[in-house]
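J.: Handing you this structure, nothing more for now.
The values are calculated or read from the model by the stated rules, or taken from the named source; none is laboratory data. Fair warning: this is a prediction, and the values are worked out from it, not measured in the lab. Here the Cβ is made from the backbone with ideal geometry for all residues, glycine too, and neighbour counts use every protein chain on show. The protein model used for the area step is the full one, side chains on, heavy atoms only, and it has no ligands, DNA or RNA in it. Shrake-Rupley method; radii C 1.70, N 1.55, O 1.52, S 1.80 Å.
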Amino acid sequence: MRIIKGFVLFVIIALVTFYVLEKNQLEPDEAIDSISHIISQKKNELMEKTVPENIIKNQKFQGEIYQWIGKNTNELVEELGEPIRKDQSSYGYTWWVYTNKQTQYIQFGVKEDKIETIYATGKDIQIQPFSVGDSYKSVEKELEFTEEVTYSNGISSYTFLLDEKDMEMRPLVKLSDNLFLQVYFDTFTDKLSSVRIMTGDVLLTQRPYGLRYRGKLPEGPNLTQKEWDEIEHGMEQQIFDITNVIRHSFDRKTLSWEDNVSEVAFLHSKDMADKNYFSHYSPNGNGLKERLEAKDIAYFSAGENIAAQYIDAPAAVEGWLNSKGHREALLNSDYTHLGVGVYRLYYTQNFLTKPF
């Protein structure tokens, strides 16, 4: 999503309690202008069902997840049950969220009762001909990555331009005339981290890459403050869930949600947006230590990740995973609690090691 910069690490030793505050930030991206059991038990019957025509064109994509694009929500509930949440997005669709004990996580993007996009991470996601955890080289062999990917809609033509960073971390593949696959990699391990499947219209609305086009660009929905409140709350929960799924894959303990820390994180995200800056330090010089002290929050150690202008919550977490400083906070085995605050497209994670 963005150029990733390093983090600031400092240690403050007090008389009784010590504090370690690790500070990490992701700058705005230059390209921006209960499932494991449920899915496995439904495997055979899902594969017997009709696969959308746009997938049949390429028979090697036999993973169950692809068949959901174009399906309606009645079919989704029939197969997987009710989602744990329904989170609004800023792109006109609603995320139906399914997760299972930090081993699988799937978001289905629903618009007008139809599934138009999916984000998935965790173990045992059915995305054949590859799997989460496969090497970059093996996935590239199956998908044949290119630096330009074109989507045509009538007389309009849109070519997405991937730079070197995009090719390393989030290549884009055209599966059919109107279906695209974005594959996220952990560049530190060179392994597949997650996938995102979307229609051409969703991809064009999000525009996560550089773009050359002939025609008109779609406009996003004009959102009210109330709608933004719902979207931000949903993204906070998504970041929390995805963070724990990633930690689980690295054998790290699950973090607990902390409401008062989430408030601290939200206020920092909002402050950055309102005052048009991007830093761990407010214009008045206050940092994470001062923000936590202002809310009387006790802790042994704390760390902060910030990001801005990522298209959504999953993209922001994947960005943090691919930055050394952010990654260290994300996977720190000492942390016990997490608060997340999102305001518009400004994201803040505050991690804590608590004394009790």
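J.: Could you check the range 312-331 and list, in sequence order, the residues that are more than 10 Å from the chain's Cα centre (by Cα) and not in a helix (DSSP H, G or I)?
T.: 322, 323, 331
J.: Assess whether residue 155 counts as being surrounded by fewer than 14 Cβ atoms within 10 Å (Cβ to Cβ) and closer than 28 Å to residue 217 by Cβ.
T.: Here the answer is yes, as residue 155 does meet what is asked.
For (1) closer than 21 Å to residue 346 by Cα; (2) touching a helix residue (DSSP H, G or I) at 6+ places or on another chain (Cβ under 9 Å); (3) polar (S, T, N, Q), each residue gets a yes or a no:
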| residue | (1), (2), (3) |
| --- | --- |
| 181 | no, yes, no |
| 191 | no, yes, no |
| 207 | yes, no, no |
| 235 | yes, yes, no |
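J.: Would you check if there is a residue in the range 279-288 being within 23 Å of the chain's Cα centre (by Cα) and not in a helix (DSSP H, G or I)?
T.: yes
J.: Would you be able to say whether some residue in the range 154-163 is assigned to a loop (DSSP other than H, G, I, E, B), farther than 16 Å from residue 210 by Cα and touching a Ser or Thr at 6+ places or on another chain (Cβ under 9 Å)?
T.: No - not one qualifying residue is present in the range 154-163.
J.: Next up: Which one of these is modelled with pLDDT of 95 or more, in contact with a strand residue (DSSP E or B) (Cβ under 7 Å, 6 or more places away or on another chain) and more than 30 Å from residue 229 (Cβ to Cβ): 139, 97?
T.: Of 139, 97, the one residue that is modelled with pLDDT of 95 or more, in contact with a strand residue (DSSP E or B) (Cβ under 7 Å, 6 or more places away or on another chain) and more than 30 Å from residue 229 (Cβ to Cβ) is 139.
J.: Could you grab me the full set of residues in the range 115-151 that are assigned to a strand (DSSP E or B), open to solvent by 40 Å² or more (accessible area, probe 1.4 Å) and in contact with a helix residue (DSSP H, G or I) (Cβ under 8 Å, 6 or more places away or on another chain)?
T.: Within the range 115-151, just 116 meets the criteria.
J.: Of all residues in the range 308-344, count the ones that are surrounded by fewer than 21 Cβ atoms within 10 Å (Cβ to Cβ), closer than 22 Å to residue 281 by Cα and in contact with a strand residue (DSSP E or B) (Cβ under 6 Å, 6 or more places away or on another chain).
T.: 1
J.: Let me ask something else. Could you please find all residues in the range 67-89 being under 16 Å from residue 237 (Cβ atoms) and crowded, with 19+ Cβ neighbours inside 10 Å?
T.: 83, 87, 88, 89 - these are the residues of the range 67-89 that are under 16 Å from residue 237 (Cβ atoms) and crowded, with 19+ Cβ neighbours inside 10 Å.
J.: Does any residue in the range 132-153 that is among the aliphatic types (A, V, I, L, M) come within less than 6 Å, Cβ to Cβ, of a residue that is loosely packed, with under 14 Cβ neighbours inside 10 Å six or more places away or on a different chain, and which pairs are these?
T.: Once the first residue is among the aliphatic types (A, V, I, L, M) and sits in the range 132-153, no partner that is loosely packed, with under 14 Cβ neighbours inside 10 Å comes close enough.
J.: Is it fair to say residue 174 is surrounded by fewer than 19 Cβ atoms within 10 Å (Cβ to Cβ), in a helix (DSSP H, G or I) and at negative phi?
T.: Against the criterion (surrounded by fewer than 19 Cβ atoms within 10 Å (Cβ to Cβ), in a helix (DSSP H, G or I) and at negative phi), residue 174 does not qualify.
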